[in-house]
Amino acid sequence: MRDPKSSDYFFLVLLALIWASAFFNIKIATYSYGPLTIAFLRIFFGAIPLVLLCYFKNIKIEAFSKDWHWFASIGIINLVIPFFLIAYGVQKVQSNLAAILMASTPLTAVVLSHFFTKNEKVNLIKIIGVLVGFSGIVFLFSDNILINKNNFVSALLILCGSTFYVIGGLLTLRISNKKNENVTASILIWATLVLFPICMFIEQPWNLSPRLDSTVSVIYLGIFATGIAWLLRFYILKNNGLVFQAQVAYLIPIFGVILGFLILNEKITYKVIIALIAVIIGIYIVKKSSKNKLV
């Protein structure tokens, strides 16, 4: 891997901004669309740039090969379920809270990787990082101004969504010998196929009269926050490696809180700030402990 250039840092910040912007766009999308429709359209529009990339790079898409069951399983666990849970939860929870809750993903990954992988065992430093990070999440749930009995379950569902991301990531290790572009395109295709009939039957989106801003947000979520973001992630991984790309985890919750405030005028309480700091410190401690293994 080459040493990072100024352009690499630009792309890293850009990736963090795109992923962070997903949260307020999900919120806007919920003004007109149901969570299943949001998840389906996001995955459908996200698949387009990935499929095109595979076509132009002559990368075979193996969605319907002998490993189809892995692609289907990962598509459901890593895309369908979390996208639905996040969209469902954001209906009643501020987008900035969703950004912080989803930032727990690297912390959850440490815990699950200890039990389901051979070379990612926890140590004292990792345990401290996980405890610090999750203490921020627990503290966030004590914010009665933003999380109350009316949206407590919604916040928990978002947290569950982050866990399914991790489980999906662990399943992806089963097909780690395949090209990233092929894997991502294949799981997006399967996620689209799974969600389409469910979405049509339950929410019947053809009966909707959506607002323009909600429609623009759904399209943005698919093309940019899913498709383009994954392509950008591939570029960073290829040129700078996993250690450099992992730094995006620090930026997403920060940008998510700022964008929620600027775009949607969402409240930022002192508990939000404390929780955000605790989560970022927790992620930093975990990443610091894992750095030597990732190089």
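The values are calculated or read from the model by the stated rules, or taken from the named source; none is laboratory data. A quick note: this is a predicted structure, and the numbers were derived from the prediction, not measured. Quick reminder, even Gly has a Cβ in these numbers, built from the backbone with ideal geometry, and neighbours come from all protein chains shown.
Can you name every residue in the range 125-143 that is more than 14 Å from Tyr284 (Cα to Cα) and part of a helix (DSSP H, G or I)? Before you say what the answer is, go through the steps one by one.
Kept after step one, since they are more than 14 Å from Tyr284 (Cα to Cα), are these residues of the range 125-143: 135, 137-143.
Within the range 125-143, Ser135, Ile137, Val138, Phe139, Leu140 qualify.
Test each condition in (1) surrounded by 18 or more Cβ atoms within 10 Å (Cβ to Cβ); (2) under 16 Å from Ala47 (Cβ atoms); (3) at pLDDT 95 or above; (4) not aromatic (Phe, Trp, Tyr) for Leu193 and report the one that comes out false.
Leu193 satisfies all of (1) surrounded by 18 or more Cβ atoms within 10 Å (Cβ to Cβ); (2) under 16 Å from Ala47 (Cβ atoms); (3) at pLDDT 95 or above; (4) not aromatic (Phe, Trp, Tyr) except (1).
Answer yes or no: is there a residue in the range 50-67 that is closer than 16 Å to Phe224 by Cβ and under 19 Å from the mean Cα position of the chain (by Cα).
So far as the range 50-67 goes, yes, one or more of its residues are closer than 16 Å to Phe224 by Cβ and under 19 Å from the mean Cα position of the chain (by Cα).
Could you list, in sequence order, all residues of the range 83-136 that are of a type in the set (Phe, Trp, Tyr) and free of Cβ contacts under 8 Å to residues at least 24 places away in the same chain?
As a first pass, look at the range 83-136 and keep what is of a type in the set (Phe, Trp, Tyr): 83-84, 88, 115-116, 134.
Once the filter is applied, which keeps residues that are of a type in the set (Phe, Trp, Tyr) and free of Cβ contacts under 8 Å to residues at least 24 places away in the same chain, the range 83-136 yields only Phe115.
Among (1) modelled with pLDDT under 95; (2) surrounded by fewer than 18 Cβ atoms within 10 Å (Cβ to Cβ), where does Leu50 come up short?
(2)
May I ask you to list the residues in the range 211-256 that are under 15 Å from the mean Cα position of the chain (by Cα), part of a helix (DSSP H, G or I) and among the polar types (S, T, N, Q)?
If the condition is that a residue be under 15 Å from the mean Cα position of the chain (by Cα), part of a helix (DSSP H, G or I) and among the polar types (S, T, N, Q), then Thr226, Gln245 are the ones that fit.
Taking only the range 28-42 into account, find how many residues are part of a helix (DSSP H, G or I) and among the aromatic types (Phe, Trp, Tyr). Break it down into steps so the answer makes sense when it comes.
First pass over the range 28-42, keeping only residues part of a helix (DSSP H, G or I): 28-29, 35-42.
Cutting the leftovers down to among the aromatic types (Phe, Trp, Tyr) gives us 40.
Total satisfying the criteria: 1.
Could we say that Asn177 is in a loop (DSSP other than H, G, I, E, B), surrounded by fewer than 19 Cβ atoms within 10 Å (Cβ to Cβ) and at pLDDT 90 or above here?
Details: in a loop (DSSP other than H, G, I, E, B): yes; surrounded by fewer than 19 Cβ atoms within 10 Å (Cβ to Cβ): yes; at pLDDT 90 or above: no.
In short, no.
Looking only at the range 43-82, which residues are assigned to a helix (DSSP H, G or I) and without any contact (Cβ under 8 Å) to a residue 60 or more places away in the chain?
The first filter runs over the range 43-82 and keeps only residues assigned to a helix (DSSP H, G or I), leaving 43-56, 68-82.
Of everything in the range 43-82, those that are assigned to a helix (DSSP H, G or I) and without any contact (Cβ under 8 Å) to a residue 60 or more places away in the chain turn out to be Leu52, Tyr55, Phe56, His69.
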